[in-house]
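The values are calculated or read from the model by the stated rules, or taken from the named source; none is laboratory data. Bear in mind that the values here come from a model prediction, so they are computed numbers and not experimental data. Here the Cβ positions follow ideal geometry from the backbone for every residue, glycine too, while neighbour counts run over all protein chains shown.
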Amino acid sequence: MNSAGTLRVSELAVCLSLFEVGSTTLFLMGGEAKQDAWLAMLAGAFTGLLLLCIHLGIHHQEPDLDLFQLLRNHMGKILGTILSLLFISYFAYEASRNLRDLAEVTDLTLLNRTPLWLVSLITIVVVSNTVRYGYRVLFLMCMMLFPVMVLGYTLISVLIPSTGLLHTDLSLPVMENGWGPIFRAAFPEMISFPFGQAVLFLVFYPYARNGRNLNKVVIAAYIITALSLTFINQLIIFVMGPQIAMFSTLPLLQTVQLIEMTEVFERMDALFTLLLFLGLGIKLAAFFHGAVIGLERITQRSYKKWVLPMGIVLYGVSFLSPTFTEHIEVGRGFTLIYISPVFQIFLPVLLFLVILLKKRMKNKKTKNN
């Protein structure tokens, strides 16, 4: 893939925003903190912002190199290749999870008589076709869908209070049990999903054209998205209450189904399902792109040759969990606690320290000479 500055910074920021939204609205985030879920989300978002600053710091050391090139340059060819393969596996696994999420949501909401394997097959074929045309198509698609996503979630955020569903007293008392439940809900789960997943964009930053304003625009997009997600998440608490919301399979969908404005807005759940499909599809495509770009970097073979094999792998891996319940338990439990922090926190921080150390040693050597 040619990385000669083919993206506007605004396109990168919009894609990051939609990527963060992705499948986040599918779940109640910070449910363990109950009515203080908003505080848990803000704590997770703040930590995610620090990670994003580290990612941007890594990028600005060598702006022309993506994540895989940086790993091979600074970690050595062998270790760098091994770490690149691990990141490719991580991106592929996250893509497969989004594929399963999309298929399950389709089964639960619209096509309950259509086999799961068929829904997944159609989805992966459509997304693979998008990936085949390169990252440029993904970012243009995000620009086209951005107004739809903003309008849809704004409409939901306005209609819920205007139809009398909002009960702000359900978020009281604030910090009833102190900071303990808030921190337990935020760390590491909230960082791992969704905020820490922005590590993927280390693959895309080099494509930005004249990235002088990259930091400001990306950080602004991240903050606005994090605050919006926190507000939308808290709407679930305001409507359903923390106790009921915690045990709901699709809490925001159930919340939206309660909206009733006769002869004005009907079947708002169809709108929300569309927004979910778009978010999941974008996130799936973004992780898919990250995986095939990595394979191109390692093998020096065009990413297009890896689209079909990777699509087959994603399709197969998406069925590893026999049931949706187990799929959620693995993804929101073991993966977020033990796997994601390695790729989102440990390895990026290690890479940043190695780059800074090598840069310092080089400057010292130059000064001595």
*Going through segment 335-369 one residue at a time, which ones are under 22 Å from residue 287 (Cβ atoms) and surrounded by fewer than 11 Cβ atoms within 10 Å (Cβ to Cβ)?*
346
*Is there any pair with a first residue in segment 307-328 that is under 30 Å from residue 248 (Cα atoms) and a second that is surrounded by fewer than 17 Cβ atoms within 10 Å (Cβ to Cβ) and hydrophobic (A, V, I, L, M, F, W, C) whose Cβ atoms are under 7 Å apart and which are 6 or more apart or on different chains, and what are they?*
315/121; 321/330
*Of these, 131, 148, which one is in contact (Cβ under 8 Å) with a residue 24 or more places away in the chain, crowded, with 16+ Cβ neighbours inside 10 Å and of a type in the set (A, V, I, L, M, F, W, C)?*
131
*Residue by residue through segment 154-196, note down the ones that are part of a helix (DSSP H, G or I) and among the small types (Gly, Ala, Ser).*
157, 162, 171, 180, 185, 186, 192, 196
*asked:* Quick test for you: out of 91, 68, 87, pick the one residue that is of a type in the set (Phe, Trp, Tyr) and more than 17 Å from the chain's Cα centre (by Cα).
replied: 68
_Per-region count, segment 303-335, residues under 12 Å from residue 291 (Cβ atoms) and either among the acidic types (Asp, Glu) or in contact with a Pro (Cβ under 9 Å, 6 or more places away or on another chain) (or both)_ = 0
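Is it true that some residue in segment 174-181 is modelled with pLDDT of 90 or more and of a type in the set (Val, Ile, Thr)? Break it down into steps so the answer makes sense when it comes.
Here is the first cut: in segment 174-181, the ones modelled with pLDDT of 90 or more are none.
Within segment 174-181 (the criterion being modelled with pLDDT of 90 or more and of a type in the set (Val, Ile, Thr)), the answer is no, since none of the residues qualifies.
Restricting attention to segment 314-334, and to residues there that are polar (S, T, N, Q) and surrounded by 15 or more Cβ atoms within 10 Å (Cβ to Cβ), which single residue is nearest to residue 116 (Cα to Cα)? Can you show your working first?
Looking only at segment 314-334, we keep the residues that are polar (S, T, N, Q), and these are 318, 321, 323, 325.
If we keep only those that are surrounded by 15 or more Cβ atoms within 10 Å (Cβ to Cβ) as well, we get 318, 321.
Numbers: 318: 11, 321: 13 Å.
Checking each candidate, the answer is 318.
Quick check: anything in segment 288-295 under 26 Å from residue 13 (Cβ atoms), surrounded by fewer than 19 Cβ atoms within 10 Å (Cβ to Cβ), modelled with pLDDT of 85 or more and among the aromatic types (Phe, Trp, Tyr)?
If we filter segment 288-295 for residues that are under 26 Å from residue 13 (Cβ atoms), which is where we start, we get 288-294.
Cutting the leftovers down to surrounded by fewer than 19 Cβ atoms within 10 Å (Cβ to Cβ) gives us none.
Looking through segment 288-295, none of the residues is under 26 Å from residue 13 (Cβ atoms), surrounded by fewer than 19 Cβ atoms within 10 Å (Cβ to Cβ), modelled with pLDDT of 85 or more and among the aromatic types (Phe, Trp, Tyr).
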*Within segment 203-234, can you find the residues that are part of a helix (DSSP H, G or I) and of a type in the set (Val, Ile, Thr)?*
217, 218, 219, 223, 224, 225, 230, 232
*Looking only at segment 178-197, which residues are touching a Gly at 6+ places or on another chain (Cβ under 7 Å) and of a type in the set (A, V, I, L, M)?*
185, 186, 190, 191
*When you look at residue 23, is it small (Gly, Ala, Ser), closer than 26 Å to residue 237 by Cα and modelled with pLDDT of 95 or more, yes or no?*
no
*Do any helices (runs of 4 or more DSSP H) lying entirely in segment 50-150 carry at least 2 residues that are of a type in the set (Val, Ile, Thr), and which ones are they?*
77-109, 116-132
